[in-house]
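Below you'll find the structure, written out as structure tokens, and then a few comments.
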Amino acid sequence: MEYLKKLSRFILPYKRYGILNIISNIFYALFSTLAMVSLMPMINVLFGESEKVYTKPVYTGLKEIKSFGEDYLNYLITTTTENQGPQQALLYMIILIISMFLLKNLFNYLGLYYITFLRNGVLKDLRNDIYSKVTSLPISYYSEKRKGDIIARISGDVNEVKNSLLAVLELIVKEPLTILFAIIAMFTISPRLTIFVFLFIPIAGFIISRIGKSLKRKSDKVQKEQGQFLSTLEETLGGLKVIKGFNAEEKFNHKFQESTNRFYHFSNTLLNRQNLASPTSEFLGIVTIAALLWYGGSMVLIDKTLSGGAFIGFMALAYQILTPAKAISKASYKVRAGNAAADRVLEVLNTVSPLEDKIDAKNKESFNSNISIENISFKYEDDLVLKNFSLNVPKGESVALVGQSGSGKSTIANLVTRFYDVNEGSIKIDGDDIRDLKKKSLRNLLGLVTQDSILFNDSIKNNVKLGSDDAPDEAVIDALKIANAWEFVKDLPNGMETNIGDSGNKLSGGQKQRLSIARAVLKNPPIMILDEATSALDTESERLVQVALENMMKNRTSIVIAHRLSTIQNADNIVVMQKGEIVEQGKHNELLSKNGVYKKLVEMQSFE
């Protein structure tokens, strides 16, 4: 029940299927018992043990229902045998048995039919929710968590939860009811024999529970290790060029094989523990049946207190208890494994993002005056990356941030876009603290072009239209022209419809970067952030991309993070950073005349 409570918000939309499954399982359990009970009159007919009843019995109330049922059945058998012969009576008994087994299997199918919709519905919603959560969590979350572990949770763990949902409903409804109805029927046939049987059940239950005690912990180890080797796989596919270039295949093979070997050992332990459940419960069941044969046989042969038909019917019911008992022991293991998987899935879903919008966060539709960065300090872990940093960016101006690696330039871009929040101070747009704005409306005001051209395995058109779904083809072409990308796109076999492959690998670095710029142009935001947009390009590509950037930045507020100083000499304000602080700022010529840090940076790049 605790397990179902954890998943209740995912189960409730499909509760009607759960209710229909429970109803079907109740009827399955009922007809399972009646199917076994119906064997008794057939055996009595075969061996001539049926009590002769010639007078039709009268129903006198619930207290006498057992004797009324027996007398009425014996009356039907007696009259049929007298009027139509014993073979006809046997035929009717066979038809009764077939009908019971038919109804039992029909309701078993219906139970499985309805639970399919519940299980697959929960699977779909869990996957959708965890994917939505993955996209909403801050970037800082993924610097701590392995991507492969997240993939393992959205695939393997969620699937484990789906499989265990059938087990949990069997555990609380189908199998217990089958056992309960069988026990009631057994008590009705012989209370003495039933009590004897139940002396063995607590011993069997104790042994089975001992086997499954540590299963959740073992299952958790298996799922974690699966996340480990999926992370290695994800890293390998992402860095295949580097791995091959440094002849590191053997190293990564070893790393992957170490993880799969651990997975192998953990899985073996887990599955062997699961596999022990079925033979153990079956052996204990057979021991119980053997004791029952000895004790019940003496009641039939010596005491004459039980008929042969009743004893065989009792045996059938006792054996019927074994199947659901085995199913319960297996289901309890599945539920433990599913519980461990659910904990891992819910850990992601219940993670609270520190960047959640405030309840009273407001929408900002336009940019009117300035971006104000006021005395901000920030650290990723222990050491401050920015210290009391302040900067004003008036509307329409271009501000360039320059400095050596590690000076905090890219951190400014991460903070303005609110991928991270400042530790101290504030960043304001038109006087509004960006933490008081809805993230979606803030990012609608911003365009971002990064050093790494992040493109997706789709057509050029769909990559450029990311975030601008309603843009017509003419607007896409105009954006490609501004970004100097139309010149190569128009010559491709399928033009804008050309698929660019995984991460755009069918294109050169310069072509990918120009598509990134076209994407930002089409969005047409009032504020543009360029994070070392040309640093990874060759000279020819840089020239084309630089022209594209200048086209894009016309009449637009820009924050440019630059590694190559040749790209920012026309900026309205150049901010020179060192160890998270501003050491100089001004226009290009002003900074050169100061003969300070900026001039040294320029000389290092042999810029004239």
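Bear in mind that the values in this text are calculations on the coordinates, not laboratory data. Computed from a predicted structure; not experimentally measured. With ideal geometry, Cβ positions are generated from the backbone for all residues, glycine too; neighbour counts draw on all protein chains shown.
Equivalent-ellipsoid semi-axes (√(5λ), Cα gyration tensor) for the chain, whole Å, largest first?
Details: eigenvalues 1180, 121, 96 Å².
Ellipsoid half-lengths, sorted descending, are 77, 25, 22 Å.
Test of understanding: ordering VAL597, VAL161 by Cβ neighbours within 10 Å, fewest first, what list do you get? Present the calculation step by step, with values, prior to reporting the outcome.
Details: VAL597 17, VAL161 27.
Listing VAL597, VAL161 from fewest to most nearby Cβ atoms yields VAL597, VAL161.
Helix 215-238: angle to the longest alpha-carbon principal axis of the chain, degrees 0 to 90, nearest 10?
Value to nearest ten degrees: 30.
Remind me, relative contact order of the chain in percent, using alpha carbon pairs under 8 angstrom and six or more residues apart?
14 percent
With a point put 7 Å past each Cα toward its Cβ, work out how far GLU397 is from LEU199 in nm, to one decimal.
9.6 nm
Please compute the length gained on full extension between LEU4 and GLU474, using 0.36 nm multiplied by the number of residues separating them and subtracting their Cα-Cα distance.
Values: separation 470, 0.36 × 470 = 169.20 nm, distance 5.29 nm.
Contour length minus Cα-Cα distance gives 163.9 nm.
Out of all DSSP beta bridges with both ends in the chain, state the antiparallel percent to the nearest 5.
Values: 20 of 38 bridges.
Expressed as a percentage, antiparallel bridges in the chain total about 55.
Quick one: of LYS133/LYS224; LYS224/LYS251; LYS439/LYS465; LYS379/LYS506; LYS124/LYS174; LYS133/LYS465, which pairs are farther than 28 Å apart, Cα to Cα?
On the way: LYS133/LYS224 20 Å; LYS224/LYS251 22 Å; LYS439/LYS465 20 Å; LYS379/LYS506 38 Å; LYS124/LYS174 25 Å; LYS133/LYS465 24 Å.
Over 28 Å apart, Cα to Cα: LYS379/LYS506.
Please arrange TRP294, TRP486 by counting, for each residue, the other beta carbons lying within 10 Å of its beta carbon, fewest first. Walk me through the numbers on the way to the answer.
Values: TRP294 10, TRP486 19.
Placing the least packed residue first, the sequence is TRP294, TRP486.
Please list, ordered by chain and number, the residues whose modelled amide H lies under 5 Å from the amide H of GLY447; skip anything fewer than 5 residues away on the same chain.
ILE527, MET528, ILE529
By count of other Cβ within 10 Å, fewest leading, how are GLU532, GLU170 ordered? Display every interim value, and only then the final one.
Values: GLU532 20, GLU170 24.
Sorted ascending by nearby Cβ count, the order is GLU532, GLU170.
On a 0 to 90° scale, report how tilted helix 201-211 is relative to the longest principal axis of the chain, with both axes built from alpha carbons and the result rounded to the nearest 10.
Roughly 20 degrees, rounded to the nearest 10.
With +1 assigned to the C-beta of every Lys and Arg and -1 to the C-beta of every Asp and Glu, and no other charges, what is the dipole magnitude of segment 452-524 about the Cα centre in debye, to the nearest 20? Can you show the working numbers first?
Details: 9 positive and 11 negative charges, 44 e Å.
In total the dipole reaches around 220 debye.
For segment 452-524, what does the alpha-carbon gyration tensor say about shape, rounded, prolate or oblate, given a ≥ b ≥ c as the root eigenvalues, a/c under 1.5 as rounded, and a/b over b/c as prolate?
On the way: a/c = 1.35, a/b = 1.25, b/c = 1.08.
Because its axes are fairly even, with a/c under 1.5, segment 452-524 counts as rounded.
Suppose the chain between THR116 and TYR131 were pulled fully straight at 0.36 nm per residue; how much longer would it get relative to their current alpha carbon spacing? Mind showing how you got there, number by number?
Details: separation 15, 0.36 × 15 = 5.40 nm, distance 2.24 nm.
Gain in length upon complete extension: 3.2 nm.
Say each of LYS379 and TYR72 gets a label point 7 Å from the Cα, pointing the same way as Cα to Cβ; how far apart are those two points in nm?
Here the modelled spin labels are 8.3 nm apart.
Suppose each label sits 7 Å from its Cα in the direction of the beta carbon; what would the THR351-LYS594 distance come out to in nanometres?
4.1 nm
Per DSSP H run of n ≥ 4, the term is -39500 (n - 2.57); total these for the chain, divide by its residue number, and report the mean residue ellipticity at 222 nm rounded to 500 deg cm²/dmol. Mind dumping the intermediate values first?
Values: 25 runs with 366 residues, N = 608.
When only DSSP H runs of four or more count, the value is -19500 deg cm²/dmol.
Given 0.36 nm per residue, what is the gain on full extension from ILE302 to MET553 after removing their alpha carbon distance, in nm? Don't skip to the end; give the middle numbers.
Numbers: separation 251, 0.36 × 251 = 90.36 nm, distance 10.38 nm.
Going from the current span to full extension adds 80.0 nm.
Between helix 15-37 and the chain, what is the angle of the helix's C-alpha long axis to the longest principal axis, kept within 0 to 90° and rounded to the nearest 10?
20 degrees
At a threshold of 8 angstrom on Cα-Cα distance, excluding pairs fewer than six apart, so keeping six or more, what relative contact order does segment 452-524 reach in percent? It would help to have the intermediate numbers written out before the result.
On the way: 95 pairs, mean separation 38.7, N = 73.
Dividing the mean separation by the residue count of segment 452-524 yields 53 percent.
Cross-link partners among lysines for LYS56, C-alpha distance below 30 Å, same-chain residues fewer than 8 apart left out?
LYS66, LYS104, LYS304
Read phi for every residue in segment 375-387 and hand back ³J(HN,Hα) as whole Hz from Karplus 6.51 cos²θ - 1.76 cosθ + 1.60, θ = phi - 60°, with x for Gly and Pro.
3J(HN,Hα) across segment 375-387, in whole Hz: 6, 8, 10, 8, 9, 6, 10, 9, 8, 5, 8, 10, 10.
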